[in-house]
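What follows is a short report on a single structure.
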Amino acid sequence: MTVADSRDLAVVAARAASSKQGEAIVVLDVSELISITDYFVIVSGDNERQLKTIAEEVVRAAKERGVRPVRIEGETGARWLLLDFVDFVVHVFHEEEREFYRLENLWRDAPVVDWEEDGEASSSG
């Protein structure tokens with residue numbers, strides 16, 4: 001998979017999360033910073049039920065494009081779900097955990113992808 005393909009799939013994941021009322025959705029291009037993945041999708045939800053619903057929708061949307069997560073962590077009573085698709089990773093946080101871990105600050109050198117644009121996503125720094 002190319003970086004462009006993984007970007008497009010990360011955008012699909014962000015839009016799927018948004019369709020289930022995911023909040024404060026951010027897509028970070030970490031391809032130049034780490035070698036294990038190209039993109040992080042970070043999203044918040046209000047409660048555990050919503051986190052599960054967001055994660056399920058992301059998985060469903062990815063499967064429609066022929067991609068399945070290789071690993072899902074934090075399913076039981078989770079306040080942070082991690083969906084590892086290898087080329088992109090989706091972090092579904094309860095608001096409190098997101099504030100505590102502050103992944104956006106940890107990866108602040110990563111360009112933010114504008115996933116809400118119509119058509120292809122574009123990176124901005």
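Restricting to segment 9-34, and then to whatever is part of a helix (DSSP H, G or I) and among the β-branched types (V, I, T), can you tell me which residue is surrounded by the fewest Cβ atoms within 10 Å (Cβ to Cβ)? Among those that are part of a helix (DSSP H, G or I) and among the β-branched types (V, I, T), it is V12. Mind listing just one residue for me: the one in segment 61-86 that is at pLDDT below 95 and among the acidic types (D, E) and, of those, farthest from the chain's Cα centre (by Cα)? Restricting to residues being at pLDDT below 95 and among the acidic types (D, E), the top hit is E75. Scanning segment 59-74 for residues that are in a loop (DSSP other than H, G, I, E, B) and either in contact with a strand residue (DSSP E or B) (Cβ under 6 Å, 6 or more places away or on another chain) or among the polar types (S, T, N, Q) (or both) yields a total of 3. Identify the residue in segment 75-105 that is assigned to a loop (DSSP other than H, G, I, E, B) and not polar (S, T, N, Q) and, among all such residues, is nearest to G45 (Cα to Cα). It comes out as R79. In segment 41-63, the residue that is farthest from R79 (Cα to Cα) out of those that are small (G, A, S) and either touching a Ser or Thr at 6+ places or on another chain (Cβ under 9 Å) or without any contact (Cβ under 8 Å) to a residue 12 or more places away in the chain (or both) is A61.
Answer with yes or no whether K52 is of a type in the set (K, R), in a helix (DSSP H, G or I), modelled with pLDDT of 95 or more and more than 20 Å from V112 (Cα to Cα). Taking the combined requirement at face value, the residue does not satisfy it. Looking for something of a type in the set (S, T, N, Q), in a strand (DSSP E or B) and within 20 Å of S6 (Cα to Cα) - is there at least one such residue anywhere in segment 116-123? Yes: segment 116-123 contains one or more residues that are of a type in the set (S, T, N, Q), in a strand (DSSP E or B) and within 20 Å of S6 (Cα to Cα).
Within segment 26-40, residues that are over 22 Å from A16 (Cα atoms) have Cβ atoms under 7 Å from residues that are among the aromatic types (F, W, Y) in these pairs: L33/W107, counting only partners at least 6 apart in sequence or on another chain. Please verify whether segment 55-65 includes one or more residues that are in contact with a Phe, Trp or Tyr (Cβ under 8 Å, 6 or more places away or on another chain), surrounded by fewer than 19 Cβ atoms within 10 Å (Cβ to Cβ) and among the charged types (D, E, K, R). No, segment 55-65 has no match at all. None of E32, E75, E64 is in contact with a Lys or Arg (Cβ under 8 Å, 6 or more places away or on another chain) and of a type in the set (D, E) except E75.
The values are calculated or read from the model by the stated rules, or taken from the named source; none is laboratory data. Please read these numbers as outputs of a predicted model, since none were measured by experiment. Here the Cβ is made from the backbone with ideal geometry for all residues, glycine too, and neighbour counts use every protein chain on show.
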